[in-house]
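Here's the structure, in structure tokens; my notes come after.
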Amino acid sequence: MEDFFLDIVYKDKKVKFRIMNPQAPLSTLMNNLRHALGKDGRLIFDFPSIDPTGAPLDYFFGKEDTATHEVRVLRPRIGKTEQTLSDYNVNNGDTLFLIPDPFPG
């Protein structure tokens, strides 16, 4: 299997990640990203669990729409179906954004 890389952007940081299983559910990829460590042994991205107003945060991947240049959220599940990168036409070398999303707590 050919190597699969994505550029992940969060705040002002862009990191190239090797995706071991591009067919994994987005929820699994996000969970792995939350726990990804850099060479220094620290978490690569800081994922605050609450926003400045105190609302709990969840995180989603987003991809820029090439026609409108808007970042579209890639929902990890539609109904009961887990979504994967291929469901959103994400290809090797693409850039994804991490989008914090407050949810009612």
Leu57 label point, 7 Å along Cα→Cβ, cut-off 14 Å on backbone N: hits in region 74-105? 98-103
On full extension of the chain, what length is gained from Asp101 through Leu43, given 0.36 nm per residue of separation minus the C-alpha to C-alpha distance? 18.9 nm
So with the 1.4 Å probe, I'd like the accessible area per residue for the chain, rounded to whole Å². 67 Å²
How large, in Å, is the chain by the Kirkwood hydrodynamic radius built from its alpha-carbon pairs? 14.6 Å
With every protein chain in place, what's the accessible area of Lys13 (1.4 Å probe, Å², nearest 10)? 90 Å²
With a Cα-only, solvent-free Debye model of region 44-85, what are the log10 I(q)/I(0) values at q = 0.14, 0.31 Å⁻¹? -0.50, -0.99
Not counting ligands, DNA or RNA, and with a 1.4 Å probe, what is Val71's accessible surface area in Å² rounded to the nearest 10? 70 Å²
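Suppose R0 equals 25 Å; then what is the FRET efficiency for Asn21 and Arg77 from their Cβ-Cβ distance, rounded to the nearest 0.05? Spell out each step's value before the answer.
Details: r = 17 Å, r/R0 = 0.70.
E(calc), rounded to 0.05, equals 0.90.
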Working out 0.36 nm times the residue gap between Asp3 and His69, then minus their Cα-Cα distance, what length gain in nm do you get to one decimal? 21.0 nm
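Only four residue types carry charge here, +1 at the Cβ of Lys and Arg and -1 at the Cβ of Asp and Glu. Report the dipole size of the chain about the Cα centre in Debye, rounded to the nearest 20.
240 debye
The values are calculated or read from the model by the stated rules, or taken from the named source; none is laboratory data. Remember, it's a predicted structure, so these values are computed and weren't measured experimentally. All Cβ positions, even for glycine, are placed from backbone atoms using ideal geometry, and neighbour counts span all protein chains on display. Calculation scope for accessible area: heavy atoms of the full protein, side chains included, ligands and nucleic acids excluded. Shrake-Rupley method; radii C 1.70, N 1.55, O 1.52, S 1.80 Å.
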